[in-house]
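The next block holds one structure in the form of structure tokens; read it before the comments.
No value in this document is a laboratory result; all are computed from the given coordinates. No experiment lies behind these values; they were computed from the predicted model shown.
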Amino acid sequence: MTPPRRARAHLAALAAVTPLVLAAAGVASSLKAEPQESRQLLGCSGPAVKGLVRSLVTALNTGDLASVDQLVAKGTAFKWYSVSGAPGRRVGAAAVKRATLLRYLRARHRQKERLDIRSLRFQGPKGGRVGNFNFVVIRTALDYGPKAIIGKGAVDCKRARPKVIVWSLGG
């Protein structure tokens, strides 16, 4: 694939996740002229990471597990998805098993679990590879809450389409 074609493919992937964010940031028109390294780091901009997190929360809230599966990294890139508070506790060995994530989320969706983002803060890229963020959500479910919960996470910025690699929701 040629560099201009790769840039268009990268833009299309990012735009699918965060179309309004990219337009507001004014980066859509400059992607074609940037080297590949700069394009990849675009996934670590505050607006891009926040857009990805908001998309993930929307998918979680609606039970759109196909979208969750696309937004969360797979394989060795995935680090963990943890929830430290019961019900729905997912810590330790369970938290690092990507293979069980969708089953876990399906069970939480049956409990009508919802996350309402109250604050979302981008903490910047770490070494140009990982974009860190923290958040406060109101967590509610048939078996829980509503309760304000603090969380944190990270996005892999080196991918053609950035993915969430860490999600940690406090108790």
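Just a few scattered comments:
- Links that overshoot a 22 Å alpha carbon limit, given the list Lys50/Lys152; Lys112/Lys163; Lys74/Lys158; Lys79/Lys112; Lys50/Lys97; Lys112/Lys158: Lys112/Lys163; Lys79/Lys112; Lys50/Lys97; Lys112/Lys158
- Cα-based shape type of the stretch 90-142, given that a ≥ b ≥ c are square roots of the gyration tensor eigenvalues and the cut on a/c is 1.5: oblate
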